[in-house]
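What follows is a single structure, written as structure tokens, with notes after it.
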Amino acid sequence: MLGDLAARLRPGARVLDAGSGSGALSRHVKRMCPEADVTMAGLSPAMLDQARDVPATSVVADVQRLPFRNNSFDIVVSSWVLETVPEPRRAVSEYLRVLKQEGQVFATFCSRPDSLSGRFKTLPCAQSCGSASPGTS
Ligand SMILES: C[S@@+](CC[C@H](N)C(=O)[O-])C[C@H]1O[C@@H](n2cnc3c(N)ncnc32)[C@H](O)[C@@H]1O
């Protein structure tokens with residue numbers, strides 16, 4: 001997944017890290033493309049605080065009700081979040097709502113939420129993340 005994401009990143013690209021936690025994936029994005037314009041959205045202010053080192057905008061927000069305009073991001077990334085929310089379909093629909101027409105969502109999950117089965121193809125982790133998981137380097 002990271003290779004595909006890197007290929008998509010451009011200076012100035014607006015990237016939303018939905019359910020950013022302590023910013024592991026945003027940190028990766030900024031390493032791959034320092035000029036990307038990253039927004040981290042997460043429920044936990046304490047975890048966002050742990051991401052203070054990431055040069056990005058932080059917003060306390062529920063991924064099921066994102067406080068962003070339609071068509072406002074080039075890329076939405078969301079790692080290990082969909083399986084933790086009560087309404088994953090609603091979260092996916094929010095990801096698509098805030099995404100620009102030509103944008104792309106990159107999402108990972110440990111176990112596919114039942115309500116998404118059939119419409120999401122699951123890749124083995126090695127294929128989706130490569131050898132470096134977002135949390136490890
Ligand atoms: C397993 S952690 C993954 C964090 C981060 N994406 C990463 O890759 O390290 C799941 C995160 O989802 C956040 N989360 C759970 N429900 C959420 C919601 N409804 N809206 C926003 N964030 C949520 C949690 O606060 C937690 O930070």
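Please treat every number below as a calculation from the coordinates, not as lab data. Treat the numbers as computed from the prediction; the structure is a model and nothing was measured. Methodologically, a virtual Cβ is constructed for each residue, glycine included, from the backbone with ideal geometry; neighbour enumeration extends over all protein chains shown.
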Spin-label point model (7 Å from Cα, Cβ direction): what's the residue 46 to residue 119 distance in nm? 3.4 nm
Tell me, what ³J(HN,Hα) does each residue in the range 38-48 have, in order and in whole Hz, if you take phi through Karplus 6.51 cos²θ - 1.76 cosθ + 1.60 with θ = phi - 60° and put x for Gly and Pro? 9, 10, 9, 10, x, 6, 9, x, 5, 6, 4
In sequence order, what are the phi-derived ³J(HN,Hα) couplings for the range 86-93 according to the Karplus relation 6.51 cos²θ - 1.76 cosθ + 1.60 with θ = phi - 60°, rounded to whole Hz, with x for glycine and proline? x, 10, x, 5, 5, 4, 4, 5
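In square nanometres and to one decimal, what's the mean projected area of the convex hull around the Cα atoms of the chain?
7.6 nm²
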Enumerate the calculated ³J(HN,Hα) couplings along the range 22-32 in order (Karplus 6.51 cos²θ - 1.76 cosθ + 1.60, θ = phi - 60°), each rounded to whole Hz, writing x wherever the residue is Gly or Pro. 8, x, 4, 6, 4, 4, 4, 4, 5, 5, 6
Could you work out [θ]222 nm for the chain from helices alone, using -39500 (n - 2.57) per DSSP H run of at least four and dividing by all its residues? Round to the nearest 500 deg cm²/dmol. -7000 deg cm²/dmol
Any idea which of 23, 82, 70 is furthest toward the positive side of the dipole for the chain, if Lys and Arg beta-carbons carry +1 and Asp and Glu beta-carbons -1? 70
Quick one: which residues, 5+ away or cross-chain, put their amide H under 5 Å from the amide H of residue 99? H built at 1.01 Å from N. 71, 72, 73
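So how do 30, 100, 121 line up by other beta-carbon neighbours within 10 Å, fewest first?
Least crowded to most crowded, the residues run 121, 100, 30.
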